[in-house]
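Please read the structure below before turning to the comments.
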Amino acid sequence: MSYAIIGFGNIGRALAKAFTRKGIEVSVATTRDPESFASAAAAIGPTIIPKKLEEAVKADIVLLAVRFESHQDVAKALPSWQGKTIVDVTNAYGVSPEKLGGQPSSKAVAQAFAGGRLVKGFNHLAAAVLDQDPAVHGGRRVVFLASDDDDAAAEIGAFAEVLGFAPIKLGGLSEGGLLVQARGNSWGQLIFKDLVKFD
């Protein structure tokens, strides 16, 4: 299984650290040349591999950690997303529901990545929290997942566990998924809630 993080801002770097903690190799890319962030990637760890966008998106699982407005640019990097799982880590705060045709932001992202299987996840935690080790006082930090594809949700749930998180599935993008999506100038009720699960 191959992984890529698209976007290398605060959230992208926090996700990269989660991979490094478990020694898992991951490609990172932005719309910029990989040399421009190679030193920042090297500072996180040797398993973080800077690549051009067109190369990175060939991964099996792509974590989309760009500004919401940039998701369509990333989607154009591949002619087809068939067979790939996209984890939507974006937040469409400030984007009017009218601009999204009244649908949840993740539905708009799923349409852009036609053919791919989309899971909303890892987006409800602030970067400073996501940056921390998910092992907390004998428990595991919760990440919420929502998808209209049960198999994709199960795949990303298993992967979240590998990274040390406790995944909680919220159901479909238009149901429980709304709890972790911004709508216009308001945040979903579970966004920024830092919860720890004790087994």
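The values are calculated or read from the model by the stated rules, or taken from the named source; none is laboratory data. Being a predicted model, the structure only gives us computed values, none of them experimental. In this analysis, Cβ positions are derived from the backbone assuming ideal geometry, glycine residues included, and neighbour counts consider all displayed protein chains.
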I want to confirm something. Restricting to the stretch 72-105 and keeping residues that are more than 20 Å from Tyr3 (Cα to Cα) and of a type in the set (Ser, Thr, Tyr), which single residue is nearest to the chain's Cα centre (by Cα)? Ser105
In this structure, does Gln189 turn out to be surrounded by 14 or more Cβ atoms within 10 Å (Cβ to Cβ), touching a helix residue (DSSP H, G or I) at 6+ places or on another chain (Cβ under 7 Å) and polar (S, T, N, Q)? no
Of the residues that make up the stretch 31-51, is at least one exposed (fewer than 15 other Cβ atoms within 10 Å of the Cβ), under 18 Å from the mean Cα position of the chain (by Cα), within 22 Å of Ser106 (Cα to Cα) and in contact (Cβ under 8 Å) with a residue 12 or more places away in the chain? yes
Take the stretch 31-63 and flag every residue that is under 21 Å from Asn123 (Cα atoms), touching a Ser or Thr at 6+ places or on another chain (Cβ under 6 Å) and either of a type in the set (S, T, N, Q) or part of a strand (DSSP E or B) (or both). Ile61
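Matching residues to (1) surrounded by fewer than 19 Cβ atoms within 10 Å (Cβ to Cβ); (2) more than 26 Å from Gln111 (Cα to Cα):
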position: Asp131; (1), (2): yes, yes
position: Val142; (1), (2): no, yes
position: Gly157; (1), (2): no, no
position: Pro167; (1), (2): no, no
position: Leu178; (1), (2): no, no
Look at the stretch 1-30 and say how many of its residues are touching a Ser or Thr at 6+ places or on another chain (Cβ under 9 Å), assigned to a helix (DSSP H, G or I) and either at pLDDT below 95 or closer than 10 Å to Gly45 by Cβ (or both). 3
So which of Glu35, Glu55 is within 19 Å of Tyr3 (Cα to Cα) and among the acidic types (Asp, Glu)? Glu55
Condition first: hydrophobic (A, V, I, L, M, F, W, C) and in a loop (DSSP other than H, G, I, E, B). Now tell me which residues in the stretch 64-105 satisfy that. Ala65, Val66, Ala77, Leu78, Trp81, Val89, Ala92, Val95, Leu100
Which count do you get for residues in the stretch 19-47 that are closer than 20 Å to Gln132 by Cβ and among the polar types (S, T, N, Q)? 2
Anything in the stretch 39-74 that is under 17 Å from Glu25 (Cβ atoms) and among the charged types (D, E, K, R)? List them, or say none. Lys51, Lys52, Glu55, Lys58, Asp60
